[in-house]
1. Rounded, prolate or oblate: which fits the stretch 171-240 when a ≥ b ≥ c are the square roots of the eigenvalues of the alpha-carbon gyration tensor, with rounded for a/c under 1.5 and prolate only if a/b beats b/c?
2. Identify the GluC sites (Glu not before Pro) of the stretch 142-245 meeting these criteria: DSSP loop state and at most 12 other C-beta atoms within 10 Å of the C-beta.
3. Could you work out the local net charge near Ala139, counting Lys and Arg as +1, Asp and Glu as -1, over the other residues with Cβ closer than 14 Å to its Cβ?
4. Counting other C-beta atoms within 10 Å, and keeping those with at most 14, which DSSP coil trypsin sites (Lys or Arg not before Pro) do you find in the stretch 121-164?
5. Here are some pairs, Lys134/Lys212; Lys16/Lys71; Lys188/Lys303; Lys185/Lys276; Lys212/Lys276; Lys185/Lys267; which of them have Cα atoms lying more than 27 Å apart in this structure?
6. Specify whether the C-alpha gyration tensor of the stretch 122-217 places it in the rounded, prolate or oblate class, a ≥ b ≥ c being the square roots of the eigenvalues: rounded for a/c under 1.5, otherwise prolate if a/b is larger than b/c and oblate if not.
7. Between Thr243 and Leu63, what is the label-point separation in nm under the 7 Å Cα-to-beta-carbon projection?
8. How high is the FRET efficiency between Asn302 and Lys95 when r is their beta carbon distance and R₀ equals 45 Å, given to the nearest 0.05?
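What follows is calculated from the coordinates using simple rules that are stated; it is not laboratory data. Since this is a predicted model, take the numbers as computed values, not measurements. Glycine gets a Cβ as well: all are built from the backbone with ideal geometry, and neighbour counts include every protein chain shown.
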Amino acid sequence: MDHFKTAIWQYWSSNKILWIGQAISICIFAVIISLYDIPADAWQYAALLIFVTSMALSTYDFLRFYRKHQKLIETSRQILFKPNALEEPKNGIEKDYMRIIRIQADEIQRIVTESDLSRTDMLDYYSMWVHQIKTPISAMHLMLQTNKTSESIALRLELFKIEQYVEMALNYLRLGSDSTDFVIKPYKLSDIIKGAIKKYKGIFIEKNIALKFEEMDYVIITDEKWLAFAIEQILSNALKYTTSGSISIHMEGDTLVIEDTGCGIIKEDLPRVFEKGFTGYNGRMDKKSTGIGLYLSKRILNKLSHDIAIASEPGVGTVLRIRFEPYKDVRLDREM
C-alpha cells in the first residue's frame, strides 16, 4: 500500500504540468460555454466524452507507470547494480539517464576490480612475508633452546608473541577475503581446545596461572583452523589480563565456557568489547593492547555460525561463552 501511495505521488509530480494544462483547458471550455448560447445537451455530452477519455488515458498511463515503478523496486532488491537488468528506455530522457547509469556502472566496476586486485596483491605479499619471517623465527627458537638461562626463557616468550602477532595480521587479511578457506566438517571440540592450550602453555607457566580444564566428549561442525585461532585469541586475552588465579575451561550443555580470575571489564565497556580497535579502560591501562583479538574472534565465530557472549565483573574476572549447535553421529563417535 505504501508503494502504491508513493507511486501516485510520483506520478502526480512527474505529470503536474499536464494536469495544470488540463485544468486551464477546462476553464477555457467553461468560459466559452458561458459566452455562447450552446445547448446544454451538446456541451454536457462533449464534457462527458472528454472526462471519460481523459480518465481512461490517465488510468492506462498510471498503470504503466506503476508497473515500471514496481519492477524497478523489485530489481533494486535482487541486484546490487546491474544496468542490463533494467528495462529498455522508452524516450530520449530515459536514454540519457540510462547512459549516465552505464557510465557510472562501468566506473564502479573498474574501481571494484582495481580494489580486488590491490587486495589480492597485498594478501599475496603478506602471505609470502609471513612464510619468510617464520624462517628466522624458527632459527631464533633453535638458538635459544641451547641456552636455558632466565633471559633465554624470557626471549622465547617474546618470540612466541611475535609469532602470534604475525599470524593475527595474516588471518586479519584473510578473514576479509571472499575466498576464506573454510573446511567445515565434524571435529572433537576437546582436541581443538587442547591444541590452543598447548600453544600457550609457556605463558601459563611464566605467569603461574593455574589451568582448570575439564575433558569433554563433544563433537561440533566447524572449521578446525579458524575455531582454534578464535579460541587462541580468547585465551591470549584472558592470560593478558589475569595476573594471578586461574583460567577455567569447561562445557555447560552446548556452550563452551572460558572463565578467568583477571581484572574484569567495567560495565560501560562490555557492550563494545567486540568492536574493532576498542580497548576500553583496561586497554588504556595496558598501552600494548590493540583491540583486535576479541573483534577477530567474534567475526570468525559468526562466520562459523557459533554464538559468543561475554560477562564480567571488575576485580572478579570474565566469563566468555561460545554456544555450538550439537552434532551427534554414532559412526563418527566410534571413529573419533
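1. Values: a/c = 3.38, a/b = 1.40, b/c = 2.42.
In terms of gyration-tensor shape, oblate.
2. Values: sites: Glu151, Glu158, Glu163, Glu167, Glu206, Glu214, Glu215, Glu224, Glu232; in loops: Glu214, Glu215.
Sparse-neighbourhood loop GluC sites (Glu not before Pro): Glu214, Glu215.
3. +1
4. Lys148
5. Lys134/Lys212; Lys185/Lys276; Lys212/Lys276; Lys185/Lys267
6. Here the stretch 122-217 falls in the oblate category.
7. 7.9 nm
8. Efficiency at R0 = 45 Å is approximately 0.50.
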